[in-house]
Amino acid sequence: MSACERRADYSENASLIQTSLPHIPTRLERDTVMTQLLELQFSLFCMIFVGFLVRKLGLVSREGEKSITSLVIHVVLPCNIVTSFLSAPPDGARDVSWIFLISLIVQLLAWIWGILFDRHLFRNASNDEKKSLRYGMICSNAGFLGTPLAEGAFGDAGMMLASVYLLPQRVMMWSAGLAIFSGERDRRAEIRKVITHPCVIACLIGLVLMLSRWTPPSLLLSPVQTLSRCNTALSMSVIGMILSEMDLKTLWDRKVALYTLHRLVTFPLIIYLLCMILPVSPLVRGVSVLLCCMPAGATTSMLARTYDADAHFATRLVIFSTLCSIPAIAAWSLLLLS
């Protein structure tokens, strides 16, 4: 073999080795992503402050707040879910399968954790308080707070995976979770509640579009995408409106603090270690841990109020865990991007 041939062969092998190695982000790339994520968090909490302010100033009434919440859940969020599936990469089916499996594991662990809360950790709590604690483990605020963060940190692919991740949670929150407060055991009613939820229908439509790789005509797609862009601003504003109704001096409660520690630290740590063991992509790991590190869902206090199950305690649970999620999300983001 001549010298020229040896050099050509070496160059080809070096190229193959380089392309086979995973891309290791440089310090500059990591710093840039972290800066963008911190800017996103600051932007989101500015939107929360806007909602807090307009509610305090009386620009939006309690009825107006309920109407905005209903608009987000039944119109804006489903549009956002559908558009997120349209941007899925061609090889996204593998990540979708993994994120769905991890979400199932999360819901199983959350159910077991809730039983431990009931029987061991909070034996001295009242029955109404136990209902909120159990439901708070099953239903996090990943739908409102998690999806905008996933979209901002990981782009459209992150939003798409977040939508899939939320499927098992929505099934649990409207079936076994709802039964915690209502005592309802009617399987037919539970199934009807799940399959008719707008977000679940949007996820199913999005999955069909993703798997078929069919893009709807612009006449239909354009209004859906326009409504989708309202999701972050409206969702964060609603959280701010909920915060405005609480007296911050009454937030501290030992049971609430212990719940928050498990919800924001222990639980996501277990999922993080699980994802390190499983052969999942960094995107799947990042979205899974980020959505697992979410505070109690706002529906906790809504259901507690509906079924007369100590709504004041449930509201403290939601607000305190939401406030503590600010540094917790930042810490987990640092770990995931390091």
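The values are calculated or read from the model by the stated rules, or taken from the named source; none is laboratory data. No experiment lies behind these values; they were computed from the predicted model shown. Cβ placement follows ideal geometry from the backbone for every residue including glycine, while neighbour counts extend to all protein chains displayed.
Brief remarks follow.
- Residues located in the stretch 129-170, provided they are within 17 Å of P78 (Cβ to Cβ) and free of Cβ contacts under 8 Å to residues at least 60 places away in the same chain: R170
- Just one of the numbered conditions (1) β-branched (V, I, T); (2) assigned to a helix (DSSP H, G or I); (3) more than 25 Å from A179 (Cβ to Cβ) is not true of I242: (3).
- Taking the stretch 278-302 as the range and being outside any loop (DSSP other than H, G, I, E, B) and under 21 Å from I326 (Cα atoms) as the test, the residues that pass are R285, G286, V287, S288, V289, L290, L291, C292, A296, T299, T300, S301.
- The stretch 270-309, residues that are more than 17 Å from G146 (Cα to Cα) and aliphatic (A, V, I, L, M): I270, L273, L274, M276, I277, L278, V280, M302, L303, A304, A309
- All told, A110 falls short of being within 15 Å of V164 (Cα to Cα) and in a helix (DSSP H, G or I).
- If the condition is being β-branched (V, I, T) and touching a residue at least 40 places away in the same chain (Cβ under 8 Å), then the stretch 191-225 contributes I201, I205, T215, V224.
- Restricting R263, R305 to those that are assigned to a helix (DSSP H, G or I), under 16 Å from the mean Cα position of the chain (by Cα) and of a type outside the set (A, V, I, L, M) reduces the list to R263.
- Yes/no for E29 being part of a helix (DSSP H, G or I), of a type outside the set (A, V, I, L, M), more than 25 Å from L335 (Cβ to Cβ) and at pLDDT below 85: no
- Going through (1) at pLDDT below 80; (2) farther than 17 Å from M159 by Cβ; (3) not small (G, A, S) one by one, T232 falls short only on (2).
- Residue satisfying all of: in the stretch 52-71; part of a helix (DSSP H, G or I) and polar (S, T, N, Q); nearest to H197 (Cα to Cα) among these: S70
- Only residues that are under 15 Å from K66 (Cβ atoms) and among the hydroxyl-bearing types (S, T, Y) were counted in the stretch 291-314, giving 3.
- Only one entry in L258, L278 is closer than 22 Å to W98 by Cα, of a type outside the set (K, R) and modelled with pLDDT of 85 or more, namely L278.
- All of (1) among the hydrophobic types (A, V, I, L, M, F, W, C); (2) in contact with a Leu (Cβ under 6 Å, 6 or more places away or on another chain); (3) modelled with pLDDT under 90; (4) under 20 Å from F154 (Cα atoms) hold for A296 with one exception: (4).
- Yes/no for Q225 being part of a helix (DSSP H, G or I), polar (S, T, N, Q), modelled with pLDDT of 80 or more and buried (at least 16 other Cβ atoms within 10 Å of the Cβ): no
- Filtering the stretch 81-100 to residues that are closer than 17 Å to G286 by Cβ and either assigned to a helix (DSSP H, G or I) or modelled with pLDDT of 65 or more (or both) leaves S84, G92, R94, D95, V96, S97, W98, I99, F100.
- Remark: pairs (first residue in the stretch 298-325, within 20 Å of S235 (Cβ to Cβ); second residue among the basic types (K, R) and buried (at least 23 other Cβ atoms within 10 Å of the Cβ); Cβ separation under 8 Å; 6+ apart in sequence or on different chains) = S321/R263.
- Residues within the stretch 122-163 that are within 14 Å of the chain's Cα centre (by Cα), farther than 18 Å from A328 by Cβ and at pLDDT 85 or above, tallied: 2
- Qualifying residue in the stretch 315-338 (condition: more than 18 Å from the chain's Cα centre (by Cα), over 17 Å from A142 (Cβ atoms), buried (at least 16 other Cβ atoms within 10 Å of the Cβ) and aliphatic (A, V, I, L, M)): no
- Filter result for R119 (within 24 Å of Y272 (Cβ to Cβ) and of a type in the set (K, R)): no
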